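Notes follow once the structure below has been shown.
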Amino acid sequence: MAPPRRFALELPGCTLAHFAVGADAPGALPDPRAAALLGPPGRSYSLRVPLAPGGDCAARVRAARLHQRLRHQLHQLRRDPLRRCELSPLLCYGPGGAAGGVQHGFLLHDPSDSPDTRRALFSLLGESPEGPRLGEFVGDARRQVWQHLWELRDGAGWRQVGPRERVVAAPEPALHPVVPDLPSSGVFPHREAARAVLEACIPFLPEAQAVLDLVDRCPEQAARGKFPVIAIEGLDATGKTTVTRSVSDSLKAVLLRSPPACISQWRKIFDDEPTIIRRAFYSLGNYIVASEIAKASTKSPVIVDRYWHSTATYAIATEVTGGLQHLPPAHHPIYQWPRDLLKPDLVLLLTVSPEERMRRIERRGMERTREEAELEANSIFRQKVEVSYQRMENPCCHVVDASPSREEVLQMVLSIIQNNCN
């Protein structure tokens, strides 16, 4: 018999409840918090996007876009007729924790157990057998929870398939289920991994080909010149723009930015795509910047406004659901610099308190991306980004308190550069 599937359900407070489904699944009753969403007095439905184990890059891209479309459709349905339903992120994974086995989806909890909810989901999923998979959770008088699966049969509409399966508690895995998939879905270890993603996007995203054309003009392994390369990182409104300009003026350095100007015109387009596509765009932007660094560093020092660390930290914080405790542990390989990307001599991470950052944002009235808006609305997401920055290795981030005056921060930064760079 096939091993039971495992689920990770994100609960309020950014905690995760793990449960298993299967007749041979060991365990006791599921976490009471999860059982309250799965069983009576309401009824819940799981919608997960299928992805065959070992699926190629094109399959991962298709699944990511289907998941994003499903999220938009569910949010629209929650206005009416599903306005009373609760929506939570849901991951489905195998017990072994191998890469390629995670399926993304949602749990829809209907506290009123209305038959209109099921009909609305049938209508949403339409007539495509390639669409999301539907499960239904029901409880019994003994506080046990069971799952029924629904399947679209040719010419027969939606029908329940197979026997009902018991839902039981499952142990929390040593690593968050998405971590093994991060090198193929957001934190790409080399250029070809990111390139393959944009190649899969060419049929529906012509800008992907334009980005690839620029990347293909870059050397496969850019090497820096004799002058130092300093990357300056930080959340928006930490003073990064001011510091990078001031430092480049003081050192008579070339100032570069990632993503580079040659692809920034397409940034808004890629920001609206799922994480795997968005991060591939930013990753390849880093390789274009590396080519610019290689040329500029033969003549003068180079300051880079954001680089690979930004690309990686935002991907990790976005994909790893739950709180800080679910991030990959310190010294995990995901925090290592890509082996084929030109490495800076020094990385500085500017920080300010959350309160000061909000004051600066309000004063500036700046336009923000979806992820930057998430930093303001979700303190846990912001903390995950900050902790991921601090766990980066080879090179690590030198943390700089950017709260004092501009002159004081500039002097601190110049002192660190002088002590760490030739």
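A short reminder: the numbers here are calculations on the coordinates, not readings from a lab. In this text the structure is predicted, and so the values were computed from the model without any measurement. Neighbour counts are summed over all protein chains in view; Cβ atoms, including those assigned to glycine, are modelled from backbone coordinates with ideal geometry.
So, with +1 on the Cβ of K and R and -1 on the Cβ of D and E, and no other charges, what is the size of the charge dipole of the chain about its Cα centre, to the nearest 20 debye? Don't jump to the answer; show the numbers that get you there.
On the way: 52 positive and 48 negative charges, 44 e Å.
The calculation lands at about 220 debye.
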query: Remind me, relative contact order of the chain in percent, using alpha carbon pairs under 8 angstrom and six or more residues apart?
result: 17 percent
- request: Restricting things to alpha carbons, tell me how big the chain is in terms of Rg and Dmax, in Å.
  value: 23.7, 76
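Based on alpha-carbon positions alone, could you give the equivalent ellipsoid semi-axes of region 119-178 from the gyration tensor, as √(5λ), descending, whole Å?
After diagonalising the Cα gyration tensor, the semi-axes are 26, 18, 10 Å.
Once you keep just the Cα pairs under 8 angstrom separated by 6 or more residues, what percentage relative contact order results for region 146-263?
Numbers: 54 pairs, mean separation 12.0, N = 118.
Value for region 146-263: 10 percent.
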message: Could you tell me the center-to-center distance, by alpha carbons, between region 58-122 and region 267-344 in angstrom?
response: 29 Å
- prompt: What share of all Cα pairs of region 150-275, in percent, falls into each consecutive 10 Å distance bin?
  reply: 8, 23, 26, 22, 11, 7, 4, 0
query: Among the lysines, which fall within straight-line cross-link reach of residue 295, defined as a Cα-Cα distance under 29 Å, with same-chain neighbours fewer than 8 residues apart omitted?
result: 226, 240, 252, 268, 343
- prompt: Hey, if you put +1 on the Cβ of every Lys and Arg and -1 on every Asp and Glu Cβ in region 132-240, which of 218, 161, 239 ends up farthest toward the positive end of that dipole?
  reply: 161
- request: Show me 389-399, 318-328 ranked by packing, highest mean number of other Cβ atoms within 10 Å first.
  value: 318-328, 389-399
query: Taking amide H positions as placed 1.01 Å from N in the peptide plane, with prolines and chain starts having none, which residues 5 or more places from residue 297, or on another chain, fall under 5 Å of its amide H?
result: 225
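How long are the semi-axes of the equivalent ellipsoid of region 51-154, taking √(5λ) for every eigenvalue λ of the Cα gyration tensor, in whole Å from largest down?
Working from the Cα gyration tensor, I get semi-axes of 25, 18, 13 Å.
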message: Apply the Karplus curve 6.51 cos²θ - 1.76 cosθ + 1.60, θ = phi - 60°, to the phi angles in region 271-286 and return the couplings in whole Hz, x for Gly and Pro.
response: 5, 8, 8, x, 3, 4, 6, 4, 6, 5, 4, 5, 4, 5, x, 4
task: Go ahead and set up a Gaussian network model of the chain, Cα springs under 10 Å, then flag whichever of 238, 311, 15 fluctuates most.
output: 15
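Go through region 135-171 and name the trypsin sites (Lys or Arg not before Pro) that are in a DSSP coil and have 13 or fewer other Cβ atoms within 10 Å of their Cβ. All intermediate terms of the calculation are to be shown ahead of the outcome.
Numbers: sites: 142, 143, 153, 159, 164, 166; in loops: 142, 143.
The qualifying sites are 142, 143.
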query: Along region 329-335, what does the Karplus equation 6.51 cos²θ - 1.76 cosθ + 1.60 (θ = phi - 60°) give for ³J(HN,Hα), rounded to whole Hz, x for Gly and Pro?
result: x, 3, 6, 5, x, 5, 8
- prompt: From the backbone phi of region 217-233, what are the Karplus-calculated ³J(HN,Hα) couplings (6.51 cos²θ - 1.76 cosθ + 1.60, θ = phi - 60°) in whole Hz, Gly and Pro given as x?
  reply: 7, 8, x, 5, 9, 5, 10, 6, x, 7, 8, x, 10, 10, 9, 10, 10
field: region 401-422 and region 6-22: distance between their alpha carbon centers, rounded to Å
entry: 44 Å
query: Amide H to amide H under 5 Å from residue 145: which residues, 5+ apart in sequence or cross-chain, H placed 1.01 Å off N in plane?
result: 167
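Mind ordering 176-186, 411-421, 295-305 by average Cβ neighbours within 10 Å, highest first? Each step should come with its number before you reach the end.
Details: 176-186: 22.8, 411-421: 14.8, 295-305: 20.4.
Those peptides, ordered most packed to least, come out 176-186, 295-305, 411-421.
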